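Where a number appears in this text, it was derived from the coordinates with a stated rule and is not lab data. Predicted model, so just to flag it, every value in this text is computed and none were measured. Methodologically, a virtual Cβ is constructed for each residue, glycine included, from the backbone with ideal geometry; neighbour enumeration extends over all protein chains shown.
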Amino acid sequence: MWGQIDGVAKIEIAREVIGGLLETLPAGLELGLTAYGHREKGNCDDIESLVAPAAGTAGAIRAAVAGLSPKGMTPLSHAVQLAAEELKYEENKATVILVSDGIETCEVDPCAIGADLERLGVDFTAHVIGFDVAEAEARAQLQCLAENTGGRFLTAATADELSSALEQVSATAPEPEPEPPPPPARLVIAAAWNPATQVRVGGRRIHLEREQRIELPAGRHTLTFTLETPAYRFEKSLQVRVVAGETARIATPIERPGQLTVQPHLGSRPGVVRIDGQAAGSAPLRGHWLAPGDYRVEVFAAGAATPSLSQSVAVRGDFESVVTFDVDGAQPTQVRERPLAGN
């Protein structure tokens with residue numbers, strides 16, 4: 001680097017160009033500086049990280065470059081490797097810019113080093129600038145190091161060319177446009193037969209007196225439907241999968257209820273009624289609201305541990321199922337069905 005271009009030492013040109021470049025780089029850019037051959041002659045281990053990579057290091061780098069005095073070997077391959085390690089290239093995206101005015105002089109293959117860094121790095125790139133490098137072998141070495149990491153190889157023979165080359169390889173790539181958010185998924189819920197019906201989804205409670213159109217993130221959602229009146233309360237949950245950009249349609253799963261009446265024959269003793277194993281009250285039990293379905297109705301005589309009657313009864317919406325029994329078994333059990341008043 002003590003060779004001259006137009007009467008000016010190359011190290012002086014490099015100091016001035018790098019100083020000017022530092023003034024143009026974004027303040028938040030994380031920069032570091034590694035130098036080689038600046039402390040001892042003939043020592044291939046003379047490689048030093050002068051400024052650790054971090055934001056706001058431009059001043060420290062400028063001062064470190066001002067103090068450099070080239071005097072030793074050119075272990076450029078291991079210097080690039082050390083700089084990569086400083087950047088934790090196996091964990092992070094990392095870029096190294098090498099400025100060299102000569103060939104590798106420490107019996108290390110720059111091509112192999114570049115290939116290893118590319119293979120092991122998360123997203124490693126080495127840009128290489130050959131500064132006043134005339135030898136074909138030296139150019140080939142430097143170019144191979146750059147190309148094996150996906151970087152650029154540029155040459156410079158003057159201060160202006162060095163400045164231009166550094167500007168090109170240090171230009172920060174524009175931030176990629178953020179991915180557009182996925183289109184919402186739409187869910188259409190039909191109006192419920194009873195306007196008092198509500199549905200709870202995504203922390204919202206929505207009345208279903210009319211058709212509802214809602215937007216949801218794509219995926220699976222649990223919808224909880226509730227219908228509560230002075231006479232009864234029903235609740236039912238439903239799993240729904242919605243796809244981005246598509247519309248799903250569903251209806252309320254709460255159907256019109258029916259009634260169950262359980263009564264003794266005229267003159268028979270009353271009993272205690274259980275429906276699907278749950279206590280429902282004493283018979284006569286009249287107008288007990290149930291969702292449509294099949295139920296196991298049991299009737300127990302007072303104090304009895306086993307039922308006198310165990311009967312499967314179907315309940316349909318808008319109908320009343322009437323069970324007439326005799327706990328003593330003197331009269332047969334009767335099951336009949338009749339429309340509810342107003343239907």
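Before anything else, pin down the relative contact order of the chain: Cα pairs under 8 Å, at least 6 apart, normalised by residue count, whole percent. Before the final figure, lay out each step's value.
On the way: 734 pairs, mean separation 30.2, N = 343.
Contact order relative to length: 9 percent.
R0 = 22 Å: FRET efficiency of Trp289 with Glu337, Cβ-based, nearest 0.05?
The value I calculate is 0.90.
Nearest 5 percent is fine: what portion of the DSSP beta bridges confined to the chain is antiparallel? Write out the running numbers ahead of the final one.
Working: 56 of 78 bridges.
DSSP beta bridges in the chain are roughly 70 percent antiparallel.
Can you tell me the length gained on complete extension of the stretch Trp193 to Arg205, counting 0.36 nm per residue apart and subtracting the Cα distance?
2.6 nm
How big is the antiparallel share of DSSP beta bridges in segment 4-170, given as a percent to the nearest 5?
40 percent
What number, in percent, do you get for the relative contact order of segment 35-112 if the mean sequence gap of Cα pairs under 8 Å and at least 6 apart is divided by its residue count? Please report the intermediate quantities before stating the final value.
Values: 97 pairs, mean separation 25.8, N = 78.
Relative contact order comes out at 33 percent.
When Leu340, Leu208 are ordered from fewest to most other Cβ atoms inside 10 Å of their Cβ, what list results?
Numbers: Leu340 15, Leu208 23.
The fewest-first ordering by Cβ neighbours comes to Leu340, Leu208.
Does the chain classify as rounded, prolate or oblate by the C-alpha gyration tensor (a ≥ b ≥ c root eigenvalues; a/c under 1.5 gives rounded; else a/b over b/c gives prolate, otherwise oblate)?
prolate
Once a ≥ b ≥ c are taken as the square roots of the eigenvalues of the Cα gyration tensor of segment 233-295, is the result rounded (a/c under 1.5), prolate (a/b larger than b/c) or oblate (a/b not larger than b/c)?
The shape class here is prolate.
For every helix of n ≥ 4 consecutive DSSP H residues, a contribution of -39,500 (n - 2.57) applies; sum these over the chain, divide by its total residues, and give [θ] at 222 nm rounded to the nearest 500 deg cm²/dmol.
-6500 deg cm²/dmol
Give the distance, in whole Å, between the Cα centre of segment 1-51 and the Cα centre of segment 55-85.
6 Å
Arrange Arg15, Arg204 by Cβ neighbour counts within 10 Å, fewest through most, would you?
Exposure proxy ranking, most exposed first: Arg204, Arg15.
Going by C-beta contacts inside 10 Å, put Tyr232, Tyr36 in order with the fewest on the left.
Sorted ascending by nearby Cβ count, the order is Tyr232, Tyr36.
Please list the non-local residues whose amide H lies under 5 Å from the amide H of Leu98, H modeled 1.01 Å from N, same-chain partners needing a gap of 5 or more.
Those qualifying (amide H under 5 Å, at least 5 residues apart or on another chain) are His127, Val128, Ile129.
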